[in-house]
Amino acid sequence: MLNISEIFYSLQGESSFAGKLCVFIRFAGCNLRCKYCDTKYSYKSDLLLTIPKIIEKIEQYQPTKLVEITGGEPLLQDEVYPLFEKLTNQNYEILLETNGSVNLEKVPNYVTKIVDIKCPESGESNSFLIKNLDFINLKKDELKFVISNVSDYHFAKEFIQKNNLIKHKIIFSPVSNKIDFKKLAELIIKDKLPVRLQIQLHKIIWGDEKGV
Ligand code: SF4
């Protein structure tokens, strides 16, 4: 049984898949407590679902074949691995949003990982498992820095330089109402930083609504 917070259908709001129709499976439970967390409701849930039941639920959104597994932190539940297998066997393209603190070694190559590297303003900046950089697929996986202020920007920039991540796909995602998008854009341009500025599409469309 998997402990699930919610399953919903929407447009992908982040990553290079932004704007695409996607089915979201939000796992319950997280080992971190980021200050800006907008899914605190997912920390606990009474909803327990078997893998066949999850598949049945997401099939109602056919013909969409893009599914994102998110949380919470999905990798805290071991049954996520047979779920990956079942989804790929049914020809789903799988995105995994993970907070970077859990070992990625066992995540299969067919899964596109979107991996957070927490900045200081999250309150969880020591959580990233540096060994996870060994398991990033340069062609498809994405590293994401959520930026709350200029100090976070400098932290992210230094992290990229120190770990030589220039060839990686990197997203800078500003926390709305915390840092001016224009300011962040100007910093990226000034530093010629090879990252993608990603303003959360679902926040622009739906604000803080749940399940979108
Ligand atoms: S890792 Fe994600 S779900 Fe967990 S506390 Fe941080 S923002 Fe919230």
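Label separation (Q62 vs K192): 5.2 nm, computed from points 7 Å beyond Cα along the C-beta direction. Where in region 15-39 is the amide nitrogen less than 20 Å from a point lying 7 Å along the Cα-to-Cβ axis of E79? Residues 24-31 qualify, since their backbone N sits under 20 Å from the label point.
The alpha carbon radius of gyration of the chain, expressed as a multiple of 2.2 N^0.38 Å, is 0.99.
GNM on the chain, C-alpha springs below 10 Å: top fluctuator among C22, C37, C119? Checking each option, the largest mean-square fluctuation is seen for C37. Taking Cβ atoms as reference points and 13 Å as the exclusive limit, the residues near Y81 contribute a net charge of -2, counting Lys and Arg as +1 and Asp and Glu as -1. So which helices of the chain fit the span-like rule, where a helix is a whole DSSP H run, its Cα atoms reach 15 Å or more along the axis, and its mean Kyte-Doolittle is at least -1.0? Both cut-offs are met by 150-162, 181-191. Compared with the alpha-carbon gap, the fully stretched path from K178 to K20 is longer by 54.3 nm at 0.36 nm per residue. Summarising the label geometry, the points placed 7 Å from Cα in the beta-carbon direction at D208 and I51 lie 3.8 nm from one another.
In terms of Cα to Cα distance under 24 Å, which lysines are near enough to K35, apart from those fewer than 8 places away along the same chain? Once the sequence-local lysines are set aside, what remains near K35 is K44, K113, K118, K144, K157, K178, K182, K183, K203, K210.
GNM remark for the chain: springs join alpha carbons under 10 Å apart, and the peak mean-square fluctuation among N31, N164, N109 falls on N164. Between region 1-71 and region 161-212, the C-alpha centres lie 22 angstrom from each other. Where only DSSP H runs of four or more residues are counted, the chain gives -6500 deg cm²/dmol as its mean residue ellipticity at 222 nm, each run worth -39500 (n - 2.57).
Legend: calculated FRET efficiency, K162 to N103, from the Cβ-Cβ distance at R0 = 25 Å, rounded to 0.05, equals 0.75. Taken along the Cα-to-beta-carbon direction at a fixed 7 Å, the label points for Y110 and T88 span 0.5 nm.
Here's the list of aspartates and glutamates a cross-link from K167 could span, going by alpha-carbon distance under 14 Å and ignoring same-chain residues fewer than 8 apart: D134, D141, E142.
Along the charge dipole of the chain, pointing to its positive end and built from +1/-1 on Cβ of Lys, Arg, Asp and Glu, which listed residue (I199, T70, F128) has its Cα farthest out? The Cα lying farthest towards the positive end belongs to I199. Over region 2-206, Cα pairs under 8 Å with separation of 6+ residues give a relative contact order of 18 percent. In this Cβ point-charge picture (+1 for Lys and Arg, -1 for Asp and Glu), region 2-206 has a dipole of about 560 debye about its Cα centre.
A short reminder: the numbers here are calculations on the coordinates, not readings from a lab. Remember, it's a predicted structure, so these values are computed and weren't measured experimentally. Counting neighbours? That spans all protein chains shown, and the Cβs are built from the backbone with ideal geometry, glycine included.
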